[in-house]
Amino acid sequence: MVKKLTDQVTFRHGAKINGRIVQPPMLTNSGLSGGFVSQDTLDYYAVRPESASMIIVEYCYVIKDGGPSHTWGANKEQLGIQSDEHIEGLAKIAKLLKAKGNKAILQINHSGRESNYPARHGGRALAPSKIDFSFLDYPVEEITEKEIYEVIEAFGAAARRAIKAGYDGLEIHGANHYLHQQFFSKWSNQRTDQWGGSYENRTRFIRMVNDAVFKVIREEAPKDFIVGYRISPEEIHGENVGYTIEDSKQLVEDLGKNYDFDYIHVSNLNYKNIPAGYDKSYSQIYREVLPDDVKLIVVGGVTNEEKAQDALNYGDLVAVGRGTLIDPEFGKKIMEGRGNEIVTAISPEQIKISKLPPALITLFSDPRMPLQMPGRESIFSLHDLYKGDDYYREGY
Ligand SMILES: Cc1cc2nc3c(=O)[nH]c(=O)nc-3n(C[C@H](O)[C@H](O)[C@H](O)COP(=O)(O)O)c2cc1C
């Protein structure tokens, strides 16, 4: 069967979405102090109920010290889900995103050593092992066993809050060098206790978080609640090898076999990427070890309808990140047969339509920023608006 972008898709637990475009989680750094939703956050999500058939809200940290991370905002922070007080704001986002019948998912995480905001403001950055990371400008602390159990419990509590806030599902953030990945990485995780060493030990944290999350979901969520897991397929930085495609393939196979995930989300810079020595993409390798009814989301470099269609050769669902930041009607236009009307470059005018919060304008309008976005030269001048931010004082 040739997959079409406008196909209805049914997940393992029965939830249906009306098309194959997904908005992946993207940090907006629009939160108030303590990770609370701000008016900027709401304005940004308010224009996105049809950016995709399923919209995954940016990562929210589950416990104090688990975030915020990345501080390119003007006194604004990553969102949190670490207390019941956070439910109200997150519920407003869910309502906005579900307004046109599409699904709202929430990504939950612990940033581990990447919790740079607390680390630079007198707080702590926790990691599986205390290593002198040359790329960090702050020290990390080794997370204690007691704290590991607290984090696991916090993931369960976050799942409960996501359900209460009215989300259709949640995604566990196992990718992009945050705490899940740090535990899985042989390089970051040099523990000698039951949380480090063998594959079994390095995946213990992942398995226990899954157990805590699925327990809450079984007890409290609607039957068709969607649960996903995001993974980075490799961690290889020169001579430092955290894990290879063989390791992550094993993990994906175990996640598919032992848990009830509706989807696996492969974090990548290009959906076509192929690991060294293979003739198949990462997602195609995962497909072979996953049950048929677990959907695969691919991401990376999809900027228009043609590429989105091509990405269906690699996965079941296609996530469009920067493309939906530029045009919040990316998915809607495809669903309505108007894919040729998708706006593919940012501009000062398009920023007003796409309601990019200040931190994202800062990020994409900085000439020094390697992250590319077509048309970004047209917004470089806007960067001056945010001079004097924390962002400048702290560097990247
Ligand atoms: C501004 C920005 C923020 C991001 N924040 C997150 C995040 O919260 N969680 C996550 O898993 N990935 C995050 N990502 C990665 C995206 O989900 C996506 O994988 C990446 O942008 C590649 O897709 P694209 O080429 O379509 O932009 C972020 C990317 C960008 C550009």
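You will find that of GLY323, GLY315, the residue that is part of a helix (DSSP H, G or I), closer than 20 Å to LEU296 by Cα and within 16 Å of the ligand (Cβ to nearest atom) is GLY323 and no other. Which ones in region 323-340 are more than 14 Å from ILE55 (Cβ to Cβ) and either of a type in the set (Phe, Trp, Tyr) or surrounded by fewer than 22 Cβ atoms within 10 Å (Cβ to Cβ) (or both)? LYS333, GLU336, GLY337, ARG338, GLY339, ASN340, listed by residue number. Residues in region 104-163 that are buried (at least 22 other Cβ atoms within 10 Å of the Cβ), more than 22 Å from LEU27 (Cβ to Cβ) and among the acidic types (Asp, Glu): there are none.
Out of all the residues in region 27-49, is one or more closer than 19 Å to ASP316 by Cα and in a loop (DSSP other than H, G, I, E, B)? No. Scanning region 21-48 for residues that are more than 14 Å from the ligand (Cβ to nearest atom) and on the phi > 0 side of the Ramachandran plot yields one hit, GLY34. Only one entry in ALA158, ALA212 is under 15 Å from TYR59 (Cα atoms) and within 21 Å of the chain's Cα centre (by Cα), namely ALA158. Where helices (runs of 4 or more DSSP H) fall wholly inside region 132-223, the ranges with 1 or more residues that are among the small types (Gly, Ala, Ser) are 145-164, 204-220.
The numbered conditions (1) closer than 29 Å to GLY300 by Cβ; (2) over 15 Å from the mean Cα position of the chain (by Cα) are all true for ASN176 except (2).
Name the single residue that is surrounded by the fewest Cβ atoms within 10 Å (Cβ to Cβ) among those in region 5-40 being hydroxyl-bearing (Ser, Thr, Tyr) and within 16 Å of the chain's Cα centre (by Cα). Give the derivation first.
From region 5-40, those hydroxyl-bearing (Ser, Thr, Tyr) are 6, 10, 28, 30, 33, 38; that's our starting set.
Retained after the next criterion (residues that are within 16 Å of the chain's Cα centre (by Cα)): 28, 30.
Working: THR28: 24, SER30: 26.
Checking each candidate, the answer is THR28.
Residues satisfying the criterion are present in region 328-335 (criterion: at pLDDT 95 or above and within 13 Å of the ligand (Cβ to nearest atom)).
Restricting attention to region 96-103, does a residue exist that is touching a residue at least 60 places away in the same chain (Cβ under 8 Å) and surrounded by 21 or more Cβ atoms within 10 Å (Cβ to Cβ)? Within region 96-103 (the criterion being touching a residue at least 60 places away in the same chain (Cβ under 8 Å) and surrounded by 21 or more Cβ atoms within 10 Å (Cβ to Cβ)), the answer is yes, since at least one residue qualifies.
Criterion first (at pLDDT below 95 and closer than 27 Å to GLN250 by Cβ) does PHE183 satisfy it? It is false that PHE183 is at pLDDT below 95 and closer than 27 Å to GLN250 by Cβ.
Kindly establish whether TYR59 is under 24 Å from SER185 (Cβ atoms), modelled with pLDDT of 95 or more and within 13 Å of the ligand (Cβ to nearest atom). Walk me through how you get there before you give the answer.
Details: under 24 Å from SER185 (Cβ atoms): yes; modelled with pLDDT of 95 or more: yes; within 13 Å of the ligand (Cβ to nearest atom): yes.
It is true that TYR59 is under 24 Å from SER185 (Cβ atoms), modelled with pLDDT of 95 or more and within 13 Å of the ligand (Cβ to nearest atom).
Within region 249-280, the set of residues being over 13 Å from LEU296 (Cα atoms) and either in contact with a His (Cβ under 9 Å, 6 or more places away or on another chain) or touching a residue at least 60 places away in the same chain (Cβ under 8 Å) (or both) comprises LEU251, ASP260.
The values are calculated or read from the model by the stated rules, or taken from the named source; none is laboratory data. Being a predicted model, the structure only gives us computed values, none of them experimental. All Cβ positions, even for glycine, are placed from backbone atoms using ideal geometry, and neighbour counts span all protein chains on display.
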